[in-house]
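No lab work stands behind these numbers, since they all come straight from the coordinates. Since the model is a prediction, treat every value here as computed from it, not as a measurement. Positions of Cβ are backbone-derived with ideal geometry, glycine not excepted, and every protein chain shown enters the neighbour counts.
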Amino acid sequence: MDKTAKDINFYIKSLDKAHPKISVNILVTNIQAIQNLMYLIGDYLEGYKARNAGDYPKSVKENCELVITEVQQGSLAIQMRPSQTQRALPIPELEGTYGERAIKMANSVLDIASSDHLVYPRVLDLFGGDEHRAYHSLQELEGIWPDEDLPYHIEVGFGEKERVELKPERKPIIRDALVRPPEPSAKTVSGRLVEISVERKRQFAVDTPEGRYICKYPRELEEYVIKRIKNLVSVSGILEGSKKVINIETEMAFKPLKYLQFSQVKFDKDNIKELAKSINLEVDFEDEEYILYNNDFNLLVTSKNLKEGMAEINREFVLLWSDYVEEDINNLTEGGIRFREKLLSLFNGAI
């Protein structure tokens, strides 16, 4: 495909030889995330104030709405560009149309996310300190980015730049950048959707490692919420004061999860360490009890709720650390030494 400053190129290929076809849900979700990123940046470039809810202004949609201009089969390569024919801005130092400038800025966000260690501070600087746009631009990219369990090879290119491979090993770094909310009142929680009310209140409860949260949602999300009952979800929204109540506005703020992330270890109250790579915990629920486990690191606990379960996972990890890392290496078997190195790799040597 020929590339111009107006083009966005997206490429996806299945890595699963038994199922080489590409999921429509994956394709639609990824294209929608790219469209959302363009709207968000266009909204910023046009000088509108950041908003937590509501639609984008008409001018933003006209300047940044994407259309598909070319599709190549085999794997799937798609080329998109802003739909409206626009003239360049009448300001010499601002080269290109709003759509072209949004594509150029999206490429900068992609460059940072794909290669920089300090992802959030760099993106925040790119947006001139606008925490809302910086956070949500990364959130859209995180939605596209494959993790190691997703059997797809994905590449994205903005403008005349070559497509960038979205490498799965970068996913934890981007996810960690999103742990810090853009505003004191913003909150993202992960857990199991355990209760739902579809009457006047329209709310559901999520059991999380921080305790139980009540989430309020608008009528248009009712069917989507009902489909997720008893499943793991990630919820982003605005806290109601100091209460554990989150208001969500859109479907994009409510996502299904395959795992829970174990991302920091509390060795004691004064020694809490962040993992360079989070551990994915599988979660089952049987006979009114949670089962949390990760076979790679021999972690397995049962609990009545996720707060208790995560505390037990932490305790199990600390015991493993004591048995394999703090133990004299001469007392370990060959397999024990390999497991010791595996534990140490979680911190990239920074411990």
Determine the calculated [θ] at 222 nm for the chain from helices alone, applying -39500 (n - 2.57) to every DSSP H run no shorter than 4 residues and normalising by the residue count; nearest 500 deg cm²/dmol. -10000 deg cm²/dmol
Quick one: which residues, 5+ away or cross-chain, put their amide H under 5 Å from the amide H of residue 276? H built at 1.01 Å from N. 347, 348
What shape does the stretch 260-345 take by its C-alpha gyration tensor, where a ≥ b ≥ c are the square roots of the eigenvalues and a/c under 1.5 counts as rounded, a/b above b/c as prolate, and the rest as oblate? prolate
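As a quick test, which of the pairs 255/342; 6/61; 255/277 have an alpha carbon distance above 24 angstrom in this structure?
On the way: 255/342 31 Å; 6/61 15 Å; 255/277 21 Å.
In this structure, 255/342 exceed 24 Å between Cα atoms.
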Through the Karplus equation 6.51 cos²θ - 1.76 cosθ + 1.60, θ set to phi - 60°, convert the phi angles of the stretch 324-341 into ³J(HN,Hα) values in whole Hz; use x for Gly and Pro. 10, 9, 7, 6, 4, 4, 5, 8, 9, 6, 4, x, x, 5, 5, 5, 4, 5
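Order the peptides 115-123, 261-269 from the highest to the lowest mean number of other Cβ atoms within 10 Å of their residues. Working shown, then result.
Values: 115-123: 16.4, 261-269: 14.2.
Top to bottom by mean Cβ count within 10 Å: 115-123, 261-269.
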Estimated vicinal HN-Hα couplings, Hz - the stretch 276-287 in sequence order (Karplus 6.51, -1.76, 1.60; Gly, Pro = x): 5, 9, 5, 9, 7, 9, 6, 10, 10, 9, 9, 6
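Which shape class, rounded, prolate or oblate, goes with the stretch 147-197 when its Cα gyration tensor gives a ≥ b ≥ c as root eigenvalues, a/c under 1.5 marks rounded, and past that a/b bigger than b/c marks prolate?
On the way: a/c = 2.62, a/b = 1.73, b/c = 1.52.
In terms of gyration-tensor shape, prolate.
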Once you have the Kirkwood Rh of the chain from its Cα pairs, apply Stokes-Einstein at 20 °C and 1.002 mPa s and quote D in µm²/s. 96 µm²/s
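Quick check on the stretch 186-256: take the gyration tensor over C-alpha atoms, sort the square-rooted eigenvalues as a ≥ b ≥ c, and tell me if it's rounded (a/c under 1.5), prolate or oblate.
Working: a/c = 1.37, a/b = 1.16, b/c = 1.18.
Rounded is the answer for the stretch 186-256, as its axis ratio a/c remains below 1.5.
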Using amide H atoms built 1.01 Å from N in the peptide plane, name the residues 5+ places from residue 97, or on other chains, whose amide H lies under 5 Å from its own. 89
Short version: ³J(HN,Hα) in whole Hz for each residue of the stretch 298-312, in order, from phi by Karplus 6.51 cos²θ - 1.76 cosθ + 1.60 (θ = phi - 60°), x for Gly and Pro, what are they? 6, 9, 7, 9, 10, 6, 7, 8, 6, 4, 5, x, 5, 5, 5
